[in-house]
Structures are given as structure tokens and as C-alpha cells.
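Written below as C-alpha cells is the structure these notes are about.
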Amino acid sequence: MVERNSAPALETSFANAGGICPGFAGPWAAPGMPLKALRWLFQDTAPLKIRPQLDLAQWAWLAKFTANCTKARFDRNKARMQAMAHYAKACLDQITEETGIEYDAAQKGILHLFTTESEMTLGHRSAKVLSDLGIAHRLLSSDEIAAVEPALGQGNETFTGGIHLTEDATGDCRLFTDRLADLARKRGARFHFDTSATRLTVADGQVTGLETTADRFEADAYVVAAGPFSRALLASAGISVPLYPVKGYSLTCPISDSSAAPVSSIMDEHSKIMITRLGTRLRVAGMAELEGFNANIGQPARTFMLDRLKTLFPAAAQYEQADWWCGFRPMTPDGAVRLGQSGLSNLFLNVGHGSNGWTQACGTSKVLSDLIAGRPPELAWHHH
Ligand SMILES: Cc1cc2nc3c(=O)[nH]c(=O)nc-3n(C[C@H](O)[C@H](O)[C@H](O)COP(=O)(O)OP(=O)(O)OC[C@H]3O[C@@H](n4cnc5c(N)ncnc54)[C@H](O)[C@@H]3O)c2cc1C
């Protein structure tokens, strides 16, 4: 494995929201989204903020994203993502059980919270979809929320209701990835850290080698899984994938008062921010900005997230001491991963996990390893 950083999971998988949430896995490209995104263009902070760039790739991606916002495409894309996410959760549970790997994991569900009447109306609609799909959940009235997350009672927000996805889970994606790499190393996998892949060389419809900043590598099969950075690497082999980096932010701090912190995780639908307990830490993550790879963590985003956090959980942690982070979701216009053979017979893709990469990772990797080994995957997966 060739990795440009000095350890695994120092990029997008470093400090995400920690939600393993097949219940709500689905594409962002949805009916009504183009109008909302247009309105958000004119707000300083918004759940999804497009900052138009002089960048053809951004415009081409946005055009494809918009084309996926029809009801028919949304339904099809969601069904594919749901199937992968549920399969992936089963794979993650199996790895956890077999290896005993520890990653501040908890199986206590995720609570989606609604603040306005219109959010609650949409919530009721979502609950109907969850029922149709057979996904375990409880629809909660405003009075029932405190029983699930008592610390919300100390906050300064009232809710119109919530949906508790009782089978969703939480855990630290970086810890898991780092420790999984250790286990793989013990089984013979070799990692080449501090090594950047620069180019795939191709001849006769096959990859012939990987050029890096250190050695050149030759292999029977090549997998590109470089997250949002995969587009450039694949372009060197003449392969184009519609990936755009969708920036998000998080903050992490030690919990100072356990009874003032969430028991598990909440998804605040009003701000689209997720607040998750990861062992003794609190992780808060959200926001989505389309402006290329700009890693600046600006004041508007910090203020927006901190204000909402302090409104919901005023006393859980010393928020001034938070560690801030930003990462780039490797997003496809339809939400679904690009997985499997690429068009070159010995080159495989495992890219485009978007906002659901931690949820889907163990499933996409299992399907891919089956494909490379010539076994029929347990989950059928086709490019469209
Ligand atoms: C704010 C935020 C919150 C999120 N919350 C959740 C959540 O709650 N649940 C969930 O399921 N998902 C969540 N996600 C999404 C999830 O984090 C991503 O989908 C996932 O981390 C993507 O993993 P990846 O392995 O594809 O990419 P990465 O983690 O970025 O890994 C790619 C690796 O490739 C390496 N690399 C890149 N280019 C090269 C090169 N040329 N040579 C060598 N190495 C290279 C990088 O250094 C990196 O280590 C969130 C994302 C963000 C930003």
C-alpha cells in the first residue's frame, strides 16, 4: 500500500462525525435540492454552500449533480446506497467481533432532531420511507426526546420531534483505520508511507506500473482508493471519474461533564450538524462547501458550529480548547461509490464514498476484494 502521509487516515477519514448510519444513507442530490442550494448561495453559512470557481470540473460536476435530483434517479441512487450501507454495517460488525478491534465504538443509535414544524413534517415523511424500507426506528414527540438524550434538557432549544434510528452506531473512523492497518501489517501487508503516487503507466489496456516519489511499483492488480484525490491520479491513466471535494468541518474536545453530553449521537436537522460521543471525547461535525481544496478553517464556520453546539449542549466540554479540522468528502454527483473494474483490466476503483465513507467502507472493500480474487461478491454491485 502506497500512502503519501506518514500514517493511515490523516485525510478525510481523520475526524469525521463518527456516524455509522445505514438508516439514512442516501444521496444529497434529491428533489428540491437545486432550489435550496440556490437560496443558500446568498447566505454566509449554510448546510450546503457552493462557491462558484473558475473551474470546469466544478461546473461539470454541478450539472451532473443537478441531473440526479429527479425523483426517479434519487430513488434508484438511494436504493443502491442503502444496500451497500447495510451490507457494510454487517461487515464492520463481523470484523469487530473477529478481531476485537477497539475504536471507541458504541451501538446506541442516532437521534435525528427537528426544530421547526416544517422539519418535523419532512421527518414524518422520512419515517414513512424508513418503515417502507424496514429500517428500525422510533418516531418521538418533543416530550420523548429527553428520555433518549437527557442532556438536551440542559440546553436552550425546543424541538418539534425526532426520529431515533436505534440500530445506527458510532465510532472513531481514524482509530479503526489505524488499528486495522496494524492488524493487516501483522498478516503480511506492506505499507509504504511518505510515498506519493504520481502516475499510473498504461499499455495495451492494462496498467504496467505505478510511479511514485520513491520506487516504481509493479503488481498483478492495482486499486485506487485515494479519496477526493483519486481524480488526478486516475487522470494519469486516462480514466475520468466525476469526483468533487465537498469540504466539511469538525471539532473535537474532551468531555468535561458526562451528564451534560450526549449519551450517543444526535443529528441536528436544523443546522445539519452531528454531535457524537466518542469514548471520553465529543466530536461535532458538519457543513458542506464546494470550493475546491481550500483547507482554510474560517471564522464563520467556527462560529456557526460553536453557537449551535453551545445552544444544544452548553456544558458538556471546554469548547475553547477544541481541536478543529476540515476534510474533503470525495463526492460523486449521484452519491454512489465507483467500485470495481475501471475499464483497464487490472485497475480497480474504490472511490467516491462522499458523506457516507465510514458507514460504507467495510462493505465496499469486501466487495472489491471478492471481485479482485474472482469470487462472486455477496452484494451484487454494478456500475450504471
Ligand atoms: C465533516 C465530515 C463529516 C463526516 N461524517 C461522516 C459520518 O458521520 N459517517 C460517515 O460514514 N462518513 C462521514 N464522512 C465521510 C467520510 O469521512 C469519507 O467518506 C471517508 O473518510 C473517505 O475515505 P477515503 O478512504 O475514500 O478517503 P481518505 O480518508 O481521504 O483516504 C485517501 C488516502 O489516500 C491518500 N492519497 C491521496 N492521494 C495520494 C497519492 N497521490 N499518493 C499516495 N497517497 C495518496 C491520502 O493521503 C489518504 O490517506 C464525513 C466527512 C466529513 C468531511
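Can you tell me which residue in region 1-57 is surrounded by the most Cβ atoms within 10 Å (Cβ to Cβ), limited to those that are closer than 25 Å to residue 265 by Cα and charged (D, E, K, R)?
Here the answer is 49.
Which condition number in (1) more than 29 Å from residue 88 (Cβ to Cβ); (2) out of contact with any Asp or Glu (no Cβ under 8 Å at 6 or more places or on another chain); (3) more than 16 Å from the ligand (Cβ to nearest atom) is the one that residue 53 fails?
Of everything listed in (1) more than 29 Å from residue 88 (Cβ to Cβ); (2) out of contact with any Asp or Glu (no Cβ under 8 Å at 6 or more places or on another chain); (3) more than 16 Å from the ligand (Cβ to nearest atom), residue 53 misses just condition (2).
With the condition being charged (D, E, K, R) and within 22 Å of residue 229 (Cβ to Cβ), I'd like the strands (runs of 3 or more DSSP E) fully within region 314-384 carrying at least 1 qualifying residues.
323-331, 338-341
Could we say that residue 226 is more than 30 Å from residue 300 (Cα to Cα) and either within 11 Å of the ligand (Cβ to nearest atom) or out of contact with any Asp or Glu (no Cβ under 8 Å at 6 or more places or on another chain) (or both) here?
So residue 226 fails the test.
Whether any residue in region 228-236 is surrounded by fewer than 23 Cβ atoms within 10 Å (Cβ to Cβ), under 21 Å from the mean Cα position of the chain (by Cα) and in a loop (DSSP other than H, G, I, E, B) is what I want to check.
No: region 228-236 contains no residue that is surrounded by fewer than 23 Cβ atoms within 10 Å (Cβ to Cβ), under 21 Å from the mean Cα position of the chain (by Cα) and in a loop (DSSP other than H, G, I, E, B).
Say whether the condition of being of a type in the set (Gly, Ala, Ser), farther than 30 Å from residue 155 by Cα, within 16 Å of the ligand (Cβ to nearest atom) and modelled with pLDDT under 95 is met by at least one residue in region 339-353.
Scanning region 339-353, I find at least one residue that is of a type in the set (Gly, Ala, Ser), farther than 30 Å from residue 155 by Cα, within 16 Å of the ligand (Cβ to nearest atom) and modelled with pLDDT under 95, so the answer is yes.
Quick one: in region 190-215, of everything that is among the hydroxyl-bearing types (Ser, Thr, Tyr) and either under 21 Å from residue 7 (Cα atoms) or in contact with a Cys (Cβ under 9 Å, 6 or more places away or on another chain) (or both), which residue is nearest to the ligand (Cβ to nearest atom)?
It comes out as 196.
Could you list all residues from region 152-169 that are in a loop (DSSP other than H, G, I, E, B), in contact with a Leu (Cβ under 7 Å, 6 or more places away or on another chain) and free of Cβ contacts under 8 Å to residues at least 60 places away in the same chain?
Selection gives 159 alone.
Count, please, the residues in region 115-151 that happen to be polar (S, T, N, Q), part of a helix (DSSP H, G or I) and either on the phi > 0 side of the Ramachandran plot or surrounded by fewer than 17 Cβ atoms within 10 Å (Cβ to Cβ) (or both).
Of the residues in that region, 4 qualify.
Do we have any residue at all in region 157-175 that's over 22 Å from residue 1 (Cα atoms), more than 10 Å from the ligand (Cβ to nearest atom) and either at pLDDT below 95 or surrounded by fewer than 14 Cβ atoms within 10 Å (Cβ to Cβ) (or both)?
yes
If I filter region 30-49 down to residues being in a loop (DSSP other than H, G, I, E, B) and more than 16 Å from the ligand (Cβ to nearest atom), which single residue comes out as nearest to residue 179 (Cα to Cα)?
Out of the qualifying residues, it is 30.
Which residue out of 108, 89 is out of contact with any Phe, Trp or Tyr (no Cβ under 7 Å at 6 or more places or on another chain), part of a helix (DSSP H, G or I) and at pLDDT 95 or above?
From the options 108, 89, the qualifying one is 89.
So, in region 214-227, exactly how many residues are over 26 Å from the mean Cα position of the chain (by Cα) and assigned to a strand (DSSP E or B)?
So the answer is 2.
Among residues belonging to region 14-26 that are touching a Lys or Arg at 6+ places or on another chain (Cβ under 6 Å), at pLDDT 95 or above and part of a loop (DSSP other than H, G, I, E, B), point out the one that is nearest to the ligand (Cβ to nearest atom).
Taking the candidates together, the pick is 18.
For region 298-327, enumerate the residues that are of a type outside the set (Gly, Ala, Ser) and under 11 Å from residue 251 (Cα atoms).
Hits for region 298-327 are 302, 305, 306, 309, 319, 320, 321, 323, 324, 325, 326.
So how many residues does region 323-337 have that are within 11 Å of the chain's Cα centre (by Cα) and near the ligand (Cβ under 8 Å from one of its atoms)?
4
The values are calculated or read from the model by the stated rules, or taken from the named source; none is laboratory data. What you are looking at is a predicted structure, and each value in this text was computed from that prediction instead of being measured. Every residue, glycine as well, gets a Cβ built from its backbone with ideal geometry; the counts of neighbours run over all protein chains shown.
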